[in-house]
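Accompanying notes for the structure given below.
The values are calculated or read from the model by the stated rules, or taken from the named source; none is laboratory data. The structure presented is a predicted model; accordingly, all values stated were derived computationally and were not measured. So basically every Cβ, Gly included, is an ideal-geometry build from the backbone, and we count neighbours across all protein chains shown.
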Amino acid sequence: MRFMLLLLVYVTTPSTVLPRVIRVGAIFTEDLKDSPTELAFKYAVYKINQDPYILTNRTLVYDIQYVPKDDSFRTTNKICTQVGYGVQAIFGPNDLILGSHVQSLCDALDIPHLEARIDIDHGYKESSLNLHPSQELMNIAYKDLMMFLNWTRAAILYEDEYGLIRLQDLVRSPPAKNLEVYIRQTKPSNYRTVLREIKKKEIFNIIVDTSLENIADFFRAILQLQMNNHLYHYTFTSFDIEAMDLEDFKYNQVNITAFRFVDAGTERVKSVLKEMENFHPIGSSIITKPGMISTEPAMMFDSVYVFTKGLEMALVEGPELQIRNLSCEDELPWKEGSTLINFINSVQIDGLTGPIRFKEGKRHEFKLDILKLKRDVLEKVGEWSSLTRLNITDKYAFSEGRPSNITLRVLSRIEEPFVMFKKPSAEGEVLYGNNRFEGFCVDLLEQIANQVGFKYYIELVPDNNYGALNLTTGKWNGLVRELMEGNADIAVGAMTINFARESVIDFTKPFMNLGISILFKIPSGKPTRLFSFMNPLAIEIWLYVLAAYVLVSLTLFVMARFSPYEWNNPHPCVVDNDVMENQFSINNSFWFITGTFLRQGSGLNPKAASTRIVGAIWWFFTLIIISSYTANLAAFLTVDKMITPIENAEDLARQKEISYGTLSGGSTMTFFRDSKIKTYQKMWSYMEYKKPSVFVNNYVEGVARVKKGNFAFLMESTMLDYVVQRDCNLTQIGGLLDSKGYGIATPKGSKWRDPISLAILELQEKGTIQMLYNKWWKNTGDVCTRQDKSKDSKAHPLSVQNIGGVFVVLLCGLALAIMVTSSFSDVTNL
Ligand code: ASP
């Protein structure tokens with residue numbers, strides 16, 4: 001339906017009785033031209049004129065003037081023109097600055113002024129009535145909410161300059177002494193920078209005072225910075241949260257709250273909205289979303305009704321209203337205007353914005369709904385009224401995502417050092433509940449529970465398995481099955497994340513990384529080291545040296561026989577002596593070779609070239625052998641080299657003497673069972689059929705088998721490190737066969753997965769998980785000290801055990817000499 005603007009005729013009579021046509025003026029800023037607010041104003045006038053029971057026999061006509069924002073000169077002019085037309089009331093504008101100009105003009109002329117704008121001015125202007133809840137009361141509402149939510153740190157983000165003035169009260173007198181408030185002005189171009197600062201400062205509670213036009217940019221910045229989890233709480237100052245697109249924030253447990261002024265669910269509002277839906281004279285509608293109206297149009301609609309009701313009361317109860325020629329120049333107030341204002345001030349009606357009562361021109365006794373985004377829908381969770389203050393009706397609304405009243409059933413499995421039975425501190429003391437357990441995972445769970453906000457009780461999995469799929473029955477066992485059957489909310493322990501499990505249950509982000517490795521017993525030392533001086537040369541070298549010794553001795557003997565230079569006259573003075581003597585008898589040849597081998601002289605000197613060559617080459621040979629021996633002796637006698645029969649998984653797979661196995665019903669077992677790598681397949685077929693079984697029920701059993709000897713245990717590196725650090729007889733063989741992580745398991749689709757993942761990441765970044773690791777792996781007193789022998793080889797003196805054999809050889813030599821002495825009379829012939 002199209003309205004024609006009625007041209008108001010200037011009333012020339014100086015003072016007349018109020019005519020049948022009641023003129024009202026409205027000032028809108030240009031941006032509100034044809035807006036839902038303007039339409040709501042027009043619709044209210046139309047509806048009143050249509051209603052035979054309201055303002056009977058009188059018709060409301062309006063004059064609308066548009067003014068540029070912040071142009072007070074033109075606004076004043078327009079108002080003066082309307083005053084000249086003889087308007088009985090002026091509505092608007094909703095601009096803060098222009099509003100106060102109009103306010104003072106109306107105040108001077110005693111013309112009722114009805115507005116619906118946020119005010120920063122706490123003063124009382126007699127002729128003005130504001131439909132918008134006063135900022136003073138709004139700040140009390142915010143403070144009450146902050147108190148209820150127990151905020152200790154909060155940020156206030158405001159956009160326009162007046163935001164600071166309006167909200168400064170929250171900073172100046174915060175609701176609680178310990179509340180730290182950080183206030184920043186923002187604009188779309190710096191949303192991200194400011195939000196990043198807030199994130200860095202670890203402020204999670206944010207009051208957002210931004211216009212609806214920019215809200216999409218603001219939301220984008222939140223998403224980009226991943227500030228959309230349960231830790232964050234955004235309270236929007238806008239009453240129109242229902243008009244915001246919160247699609248991206250559904251299901252991620254971010255807290256979004258706001259006050260609502262217009263409850264479109266009430267019967268009264270619904271019926272008005274229904275009629276309004278058809279009222280769109282210029283193609284646009286007052287209804288922003290089906291069944292919903294924004295706060296500003298609703299307040300505008302109510303303000304027209306408030307005026308009409310006040311006027312009605314004045315006409316019935318008051319003195320006769322006279323209409324006068326008014327002008328801005330004269331500055332003469334409308335005498336009856338103040339009477340009309342008083343009647344309007346005393347109006348008590350229920351409008352679209354709830355109960356309407358005024359006190360000194362301000363909304364008094366109004367009610368606000370508190371809306372909160374819950375999973376996927378905005379719900380009313382409480383109310384704030386200027387009389388009864390805050391009343392939260394949904395007690396659990398603000399603990400969603402951190403519902404501290406919820407107790408989770410946690411299943412686990414005993415595994416050192418992850419979850420262990422706690423030893424009672426005093427004899428006879430009995431431990432109950434969660435107190436029965438201690439360990440890395442127990443501490444981690446406590447940290448996570450504090451962060452996410454839940455209580456828990458720990459129970460042990462009945463079949464004591466982590467969980468493996470039985471390929472024949474297709475059924476799972478252990479913790480995995482319990483989660484699948486919904487018997488637990490989460491499973492905490494050394495639970496490995498793998499493909500098969502991830503397809504039936506959910507895992508959080510990993511809190512620890514690991515891989516499969518081999519635990520083996522360090523081979524015990526050699527039985528005797530008496531003859532370890534022999535070690536530097538291999539036994540065959542010793543034999544070759546012996547053979548070389550005999551060969552060279554005989555060669556020397558034969559060479560000396562053939563060479564004439566080795567034959568000497570024993571009596572050089574007897575020139576004709578036919579008896580010639582050769583110094584290299586068989587004995588002397590051996591003696592010469594022995595002496596030179598041991599780097600000693602023998603009293604014999606070869607004279608012939610051939611024998612000298614033999615001698616020289618032997619000296620060279622001994623030089624190399626002795627220096628090699630000396631060099632190697634030091635290394636051999638000081639470095640205690642550990643020699644293990646296996647070096648890696650391939651070695652294990654290749655042999656049959658050392659048996660090997662894994663934990664049964666766990667991911668290590670399924671790793672070998674499902675592997676496509678040849679070596680692991682071979683190992684699996686060995687383990688599968690080996691009798692007695694090589695699968696153990698727990699790690700303690702596996703480690704005990706390794707300690708007994710001749711058994712290699714394939715286990716996860718985390719547990720292996722723990723065991724190896726505590727038992728110096730055990731060692732890790734080779735590197736890691738794979739790489740994976742431990743996570744906290746939840747049933748598929750559990751809402752706990754994301755908050756727990758976030759908590760894990762945060763604990764990781766803060767270094768808490770590393771601290772817990774150090775506590776349970778390194779700091780306990782039972783860590784054994786391993787000697788790194790390669791590092792301090794110089795500090796090892798050689799003992800009798802190392803070189804005692806030399807003495808044995810010496811004694812044997814002496815004994816032989818004595819025996820030879822006693823059995824041969826001609827010692828010199830030896
Ligand atoms: N942590 C492993 C699991 O989750 C146990 C293992 O198989 O070594 O099954």
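Data for the structure
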item: Positions within region 728-737 being surrounded by 18 or more Cβ atoms within 10 Å (Cβ to Cβ) and either at pLDDT 95 or above or part of a loop (DSSP other than H, G, I, E, B) (or both), in sequence order; result: Leu737
item: Scope region 200-218; condition buried (at least 18 other Cβ atoms within 10 Å of the Cβ) and assigned to a helix (DSSP H, G or I); matching residues; result: Ile215, Phe218
item: Tally of residues being within 16 Å of the ligand (Cβ to nearest atom) and under 22 Å from Trp777 (Cβ atoms) across region 435-477; result: 5
item: Lone qualifier among Asn255, Asn214, Asn229, Asn278 - being out of contact with any strand residue (DSSP E or B) (no Cβ under 8 Å at 6 or more places or on another chain), of a type in the set (S, T, N, Q) and within 30 Å of Leu761 (Cα to Cα); result: Asn229
item: Region 455-484, subset surrounded by 13 or more Cβ atoms within 10 Å (Cβ to Cβ), out of contact with any helix residue (DSSP H, G or I) (no Cβ under 7 Å at 6 or more places or on another chain) and among the aliphatic types (A, V, I, L, M), residue nearest to Ile756 (Cα to Cα); result: Leu483
item: Extreme residue, modelled with the lowest pLDDT, among residues of region 774-791 that are in a loop (DSSP other than H, G, I, E, B) and surrounded by 13 or more Cβ atoms within 10 Å (Cβ to Cβ); result: Lys789
item: Any hit, region 425-434, residues being surrounded by 12 or more Cβ atoms within 10 Å (Cβ to Cβ) and more than 16 Å from the ligand (Cβ to nearest atom); result: yes
item: Which numbered condition Gly661 fails, given (1) within 13 Å of the ligand (Cβ to nearest atom); (2) crowded, with 19+ Cβ neighbours inside 10 Å; (3) under 33 Å from the mean Cα position of the chain (by Cα); result: (3)
item: Listing of strands (runs of 3 or more DSSP E) fully contained in region 76-178 that carry 2 or more residues being touching a helix residue (DSSP H, G or I) at 6+ places or on another chain (Cβ under 7 Å), buried (at least 20 other Cβ atoms within 10 Å of the Cβ) and not polar (S, T, N, Q); result: 89-91, 113-115, 153-158
item: All positions within region 674-700 that are touching a residue at least 40 places away in the same chain (Cβ under 8 Å) and of a type outside the set (Phe, Trp, Tyr); result: Asp674, Asn697, Asn698, Val700
item: Every pair of residues 6+ apart whose Cβ atoms lie under 7 Å, when the first sits in region 365-381 and is farther than 21 Å from Pro355 by Cα while the second is surrounded by fewer than 22 Cβ atoms within 10 Å (Cβ to Cβ) and small (Gly, Ala, Ser); result: Lys372/Ala397; Lys374/Ala397
item: Test: residue in region 696-712 that is among the aliphatic types (A, V, I, L, M), in contact with a strand residue (DSSP E or B) (Cβ under 6 Å, 6 or more places away or on another chain) and either away from the ligand (no atom under 16 Å from the Cβ) or within 16 Å of Asn648 (Cβ to Cβ) (or both); result: yes
item: Hits in region 478-504 - residues which are of a type outside the set (Gly, Ala, Ser) and within 11 Å of the ligand (Cβ to nearest atom); result: Leu479, Val480, Met495, Thr496, Ile497, Asn498, Arg501
item: Checklist (1) in a helix (DSSP H, G or I); (2) modelled with pLDDT of 85 or more applied to Leu273, failing item; result: (2)
